Amino acid sequence: MRHTVTRRRAAQGRRPLILVVPALCALAFLLVPLVGLLLRAPWRDLPARLFNAEVGQALRLSLLCASLATMICLVLGVPLAWLLARGEVPGRGVLRALVTVPLVLPPVVGGVALLFVLGRRGLIGQYLYEWFGVSLPFTTAGVVVAEAFVAMPFLVISVEGALRAADPRFEDAAATLGASRWLTFRRVTLPSVLPGVVAGGVLCWARALGEFGATITFAGNFPGKTTTMPLAVYLALETDPQDAIVLSLVLLTVSVVVLVALRERWIRSTV
């Protein structure tokens, strides 16, 4: 019996070369460009470049816009996730598919769609401009809208998954005790899915921070007004590649920190 178990473990521990070699090639394909970025980084004058006026301006604008976009996604996305997970609405599968469209839609196409809807001559934008004098394109508010449009599906998917995994018996018990649906959601449902909300919020923030296509299409590229870090990287490649590397390192660091935090704390708690 012991020999059988030993042979089974040995068989399971074998790694066929036909799988190992492509796996190592894929790992190198993903990691070598990042290593190259680290090797080319100007480490000696990194602090000076990081606190450069243009770099700092893009960094502050990116953090502000990404945070505001995440707040919008939380306010609108959590109720939408609840509707998809618990609401009895016709065509829920189609609605779920439409919500996830921005995940696969090219960001530039999303920016064009926003422009034709919220622009001064858009379906909704024309009334915003005529009635309230509000023009979203090529403004900081436009950056926030573009980032929220692209990032919201990450939040909705995460929260919906957490809602589907939550035990509905606690909500039924609260309803039996006379709690209203809003009170049940606020005191029972939301605390039970809080790790999913936090995980979705962090992913949403990270996605908004790195958004490029929809932002440059809908909000343009005006330094100090709409130039976020990804756009600043694009500009710096033509004028000062070292600044582009510094900004890229900031975005890379944020991405790694977000993934590590979700892996170690939030994703594990939602499984």
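The values are calculated or read from the model by the stated rules, or taken from the named source; none is laboratory data. Model, not experiment: these values are computed from the prediction. Counting neighbours? That spans all protein chains shown, and the Cβs are built from the backbone with ideal geometry, glycine included. Surface areas here come from the heavy atoms of the whole protein model, side chains and all, with no ligands, DNA or RNA. Shrake-Rupley method; radii C 1.70, N 1.55, O 1.52, S 1.80 Å.
Overview of results
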read-out: Centre separation in Å (Cα based) which lies between the stretch 141-183 and the stretch 213-240; value: 33
read-out: For the stretch 115-271: rounded, prolate or oblate by the Cα gyration tensor [a/c cutoff 1.5]; value: oblate
read-out: Net charge of Cβ neighbours under 10 Å - reference Val143; Lys, Arg +1; Asp, Glu -1; value: -1
read-out: Options [x] 31, 20, 17; [y] 36, 33, 17; [z] 25, 22, 18 - which one matches semi-axes √(5λ) of the Cα gyration tensor in Å as calculated here; value: [y]
read-out: Protein accessible area in the stretch 145-219, 1.4 Å probe - carbon and sulfur %; value: 68
read-out: Accessible area per residue, Å², the stretch 63-203 with all protein chains present, probe 1.4 Å; value: 55
read-out: Listed residues Val254, Val55 arranged by accessible area, highest first, probe 1.4 Å; value: Val254, Val55
read-out: Whether the stretch 86-172 is rounded, prolate or oblate, judged on the alpha carbon gyration tensor where a/c under 1.5 counts as rounded; value: prolate
